[in-house]
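Visitor: Dropping the structure in here first, questions after.
Computed from the coordinates by the stated procedures, all read-outs in this text should not be read as laboratory data. In this text, all values refer to a predicted model and were calculated from it rather than measured experimentally. Backbone-built Cβ (ideal geometry, glycine too); neighbour counts: all protein chains shown.
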Amino acid sequence: MFSDDIDQVDTIDLLRETWYRMEYALEVTDAVIWDWDHRTNTVTFYPSALGIYGRVVETTDEFLDIVHPDDEERVEAVFESMGSEFGSTTAEFRIRKYGEIRWIEARGRVEEADDGAPVRSVGVARDVTEKKRQELELQEKTERLEEFASVLSHDLRNPLTVAKGYLELAQMDCESEHFEHVAQAHDRMEALIEDLLTLAREGADCITLADVSLAETAAQAWETVDTAAASLRVETDAVIRADRNRLQQLLENLIRNAVEHGGVDVTVRIGDLDDATGFYVEDDGRGIPEAEHEQVFEGGYSTSHEGTGFGLAIVEGIAVSHGWSVAIADSDAGGVRVEVTGVESNE
């Protein structure tokens, strides 16, 4: 008898602790538990529906009264399906709360009676307005970037192609020392368009992570860049979590930056950071004044007449899309050292 009392006390304590945890979870997630009795068409909320919906809701008809008119038909269809089908359901919809539009995410499960008819649905609803706003802002940003990329790809490239064609015709008709300057200007315009297009697509595209060899990707990047008499030293065997194409693009830009700013015979080294948080790319060329370290990732910054000034901005964009950080330092040889941190390694 005494043992049974102890077991009962333990059970009550466990239930109380579980209840407190559930209340805390609902509080921090701004959520409510809902319980819909299909037979009486009554809906019970815990905590009160007042917090999330702005009013007391006791039936599905009262619930539909607060649903945004554009979403009402869809929510009604969800109710109908829950009245005839079993399993889990998830829906996102808008409501009107105190004159403001809020987004709600509701998840639920339908339970059946002994005769197989739907008898009850229980679930959780939470306010996801901020999440939806961020999603919509990101969608708008992506659409603007895609529109910008389209302008770069067509509206700017086409006139440049025409200008190059006329330059070739002019070179066939006569000779002039000015033609070379025109051709160089065309090449620079094309390089600027490519870099701006890369920046635009960087913000619009998603990344696909995989296990990637840093050394192999560095070798591939080296092959795609005009490195003149420069040399590469890879001192890493790390396998990191990254988007292979984006990582190669990042390394290509750092290598190209080293060659353009450090000299044609520069030595580029790629290796692991001592604290194992990432990797570095450094050279033994001309360094960047410490006062300008914060400016180098700004679009348009360049210390070379040949550079477009967007290479390191692209590097930072790729790093950020991976959740990495990138910083400038001085190499031991007095050149530029770019450190990429926050990199996940599989070693």
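Visitor: Starting with the fewest neighbours, write out M172, M189, M82 ranked by other beta-carbon atoms found within 10 Å of each beta-carbon.
Guide: Ranking M172, M189, M82 by Cβ neighbours within 10 Å, fewest first, gives M172, M189, M82.
Visitor: Going toward the positive end of the dipole of region 68-212, with +1 on Lys and Arg Cβ and -1 on Asp and Glu Cβ, which of F86, Q184, S121 do you reach last?
Guide: Farthest towards the positive pole: S121.
Visitor: What list of ³J(HN,Hα) values in whole Hz, one per residue of region 237-243 in order, does the Karplus curve 6.51 cos²θ - 1.76 cosθ + 1.60 (θ = phi - 60°) give from phi, with Gly and Pro shown as x?
Guide: Working through the residues one at a time gives 10, 5, 10, 10, 8, 7, 7 Hz.
Visitor: Under 24 Å from the Cα of K97, which lysines turn up, not counting those fewer than eight places away in the same chain?
Guide: Leaving aside lysines fewer than 8 places away in the same chain, those within reach of K97 are K131, K132.
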